[in-house]
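The values are calculated or read from the model by the stated rules, or taken from the named source; none is laboratory data. Computed from a prediction, not measured in an experiment: that's the story for all the values here. Heads up, the Cβs are rebuilt from the backbone with ideal geometry, glycines too, and the neighbour counts pull from every protein chain shown.
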Amino acid sequence: MKLPLKNRSDKRNPSLEERPVPKRRRPKRSKRPAAPRKKREFHFSFLSKISPRLALLILFAVIVVSAGIFILVSTLMEKEKEEAPEYDPQSDFYSEGNKEYEFDIPDVSSGYSYYKFDSSTLVEYTGDVDILSFNQIVAYTSRAFDGDENAKEIDSRSLTAKEFWDVLEALYEKGYIILSPNDIVEETVAFDGSTQIKVKSLLLPKNRIPIVLIFQDLDYSPDSGYADGLIINKNGDIWSQSTDENGNDVLSPELDVITLLDKFVSYHPDFSFNGAKGCIAITGQDGVLGFNTQSSNKDEENRQYEIAYAKAVVSRLKNTGWSFACHTYSHIDIAGSEYTTVVSDITKWVNEVGPIVGSTKVFVYPESDTREAVLPVKEGDTYNYLLDLGFEIFAASGNASALENLGSGSAVLCTYMIFDGYALRYSRDQLLDIVDVASIYDSTVRTNYGTGYTVSTPDTGSDSVDSGTDTTQGSDPGTDSTEDGGGSAE
Ligand SMILES: [Zn+2]
């Protein structure tokens, strides 16, 4: 049964109808019977005129030339094989779904060809690994910073699309290269046969600094200036979707933090190591990536559709370098919660979110769980429970990036630095070794709530304290064409 339109806002997926169905052309059959072929007669009499020696020589030459052509053709074909993008089909998303619903979900099976560094040029990296965490980005600054009661919260939580793009530019310029959290740990087997999880020694391209990007609490509320949701476009790519002031659909890679990073990496493929993008930390109570997959959605038919579509999106993201992490079901404070509370929350995540995002070894503590808060509980029941579920890479917030082995090789703890709107105003010193936030902060769209540093005004170039202007007239990146190849939000 195909779902009627009212069961979900099909604004999210207007490209479905446009998907071209490849037509197969049948070869035309001729109605007339073919004329009988004239037998050709070959005359070999000329051979009798040449010496047997010359004939042998000609035969030999023919064999040599044919062998040469054969080798050339097979080499070319082999080369073509090597360069074809690898594809790992994880397209089981609709086979697991509820069979009584039949969903029309686009194909996500197109390949992902990422930049491959020559392994012989990689060198040992002995420095620190930086770990940053971002929230959703503001696509429409005029909606976000409109002075309503949420404006200040959005200001503190989010970067704008342009600011996020500028951060990526700055990181790339500085030589950073994106790694997946799974790239920075390794499993080894100890003498007693037990598995040890340890921070891995890294081999990286020369002069590059590893960075892990975490994305959490991805919000899809259009009134706050965020994108409406994610869609799979007709090429099988993940794009963001929104509605402009006139009520028209806007489909773009520039409205969402995920799709904007995808776009940046498509311009700078060597920003990504082995194709890695970000690690998305997922809760469950508000659904998954803007899809209403949560059990509190009581419209079961709609929920099944949302689950199936979310699985397709997740599958495509995984195929293009993204990874996923558990972020608890209800964004609970783990260190401050009773063991039983944690178990019931995480059980819900495992049952409801697990089937959508698949298994993961990464557990990103919600922001209130700082490194200092989670370290003392690392040997308690809660920690052992999380280990039993298969988590072995834990991430907690802190003032500086860090990687450390936990216990006796039971897990690795990553400390991430939060890079949000608040950090843009007040964490300049903490982030200075990575990016100077003063060069990122966009005073032309943000209300002047003050900053912890001096802002230089773009028009005069002179320095003045906290000179963010009060204008709230932001421009909307989503209405831009995507051809410029430059910034995201002009
Ligand atoms: Zn969070």
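Looking at G229, is it under 14 Å from the mean Cα position of the chain (by Cα) and of a type in the set (G, A, S)?
Numbers: under 14 Å from the mean Cα position of the chain (by Cα): no; of a type in the set (G, A, S): yes.
Criteria not met by G229.
Pairs please, first residue from segment 134-150 and within 15 Å of Y220 (Cα to Cα) and among the aromatic types (F, W, Y), second anywhere and away from the ligand (no atom under 16 Å from the Cβ) and in a loop (DSSP other than H, G, I, E, B), Cβ atoms under 6 Å, 6+ apart in sequence or on different chains.
Pairs found: Y140/G225; Y140/D476.
Of all residues in segment 408-446, which are within 20 Å of E153 (Cβ to Cβ) and touching a Gly at 6+ places or on another chain (Cβ under 7 Å)?
R425, Y426, S443, V445, R446
Test F363 against the criterion of being assigned by TED's automatic domain parsing to the domain that holds I211, closer than 19 Å to L179 by Cα and out of contact with any Cys (no Cβ under 6 Å at 6 or more places or on another chain), and give yes or no. Steps first, answer last, please.
Working: assigned by TED's automatic domain parsing to the domain that holds I211: yes; closer than 19 Å to L179 by Cα: yes; out of contact with any Cys (no Cβ under 6 Å at 6 or more places or on another chain): no.
Here the answer is no, as F363 does not meet what is asked.
Does A227 satisfy being within 26 Å of S156 (Cβ to Cβ), within 16 Å of the ligand (Cβ to nearest atom) and not β-branched (V, I, T)?
It is false that A227 is within 26 Å of S156 (Cβ to Cβ), within 16 Å of the ligand (Cβ to nearest atom) and not β-branched (V, I, T).
Which of the residues spanning segment 394-427 are more than 25 Å from K361 (Cα to Cα), free of Cβ contacts under 8 Å to residues at least 40 places away in the same chain and surrounded by fewer than 20 Cβ atoms within 10 Å (Cβ to Cβ)?
Within segment 394-427, Y426, S427 qualify.
Just for segment 238-293: of the residues that are touching a Lys or Arg at 6+ places or on another chain (Cβ under 9 Å) and among the acidic types (D, E), which one is farthest from D166 (Cα to Cα)?
D249
Which ones in segment 210-226 are within 16 Å of the chain's Cα centre (by Cα) and of a type in the set (S, T, N, Q)?
Here is the first cut: in segment 210-226, the ones within 16 Å of the chain's Cα centre (by Cα) are 211-219.
Matches in segment 210-226: Q216 only.
Going through segment 280-332 one residue at a time, which ones are away from the ligand (no atom under 15 Å from the Cβ), closer than 23 Å to V212 by Cβ and part of a loop (DSSP other than H, G, I, E, B)?
Answer for segment 280-332, where residues must be away from the ligand (no atom under 15 Å from the Cβ), closer than 23 Å to V212 by Cβ and part of a loop (DSSP other than H, G, I, E, B): T320, G321, W322.
Scan segment 173-217 for residues that are within 16 Å of the ligand (Cβ to nearest atom) and either surrounded by fewer than 19 Cβ atoms within 10 Å (Cβ to Cβ) or over 18 Å from N405 (Cα atoms) (or both) and jot them down.
Listed by number, the residues that qualify are L213, I214, F215, Q216, D217.
Considering only segment 218-225, I want to know if a residue exists there that is in a strand (DSSP E or B) and not acidic (D, E).
Narrowing segment 218-225 to residues in a strand (DSSP E or B): none.
Taking every residue of segment 218-225 in turn, none turns out to be in a strand (DSSP E or B) and not acidic (D, E).
Considering only segment 360-455, give the helices (runs of 4 or more DSSP H) lying wholly within it that have at least 1 residues that are out of contact with any helix residue (DSSP H, G or I) (no Cβ under 9 Å at 6 or more places or on another chain), within 16 Å of the ligand (Cβ to nearest atom) and closer than 22 Å to F164 by Cα.
Values: elements: 371-374, 381-388, 421-426, 428-431.
Correct list: empty, since no element meets the threshold.
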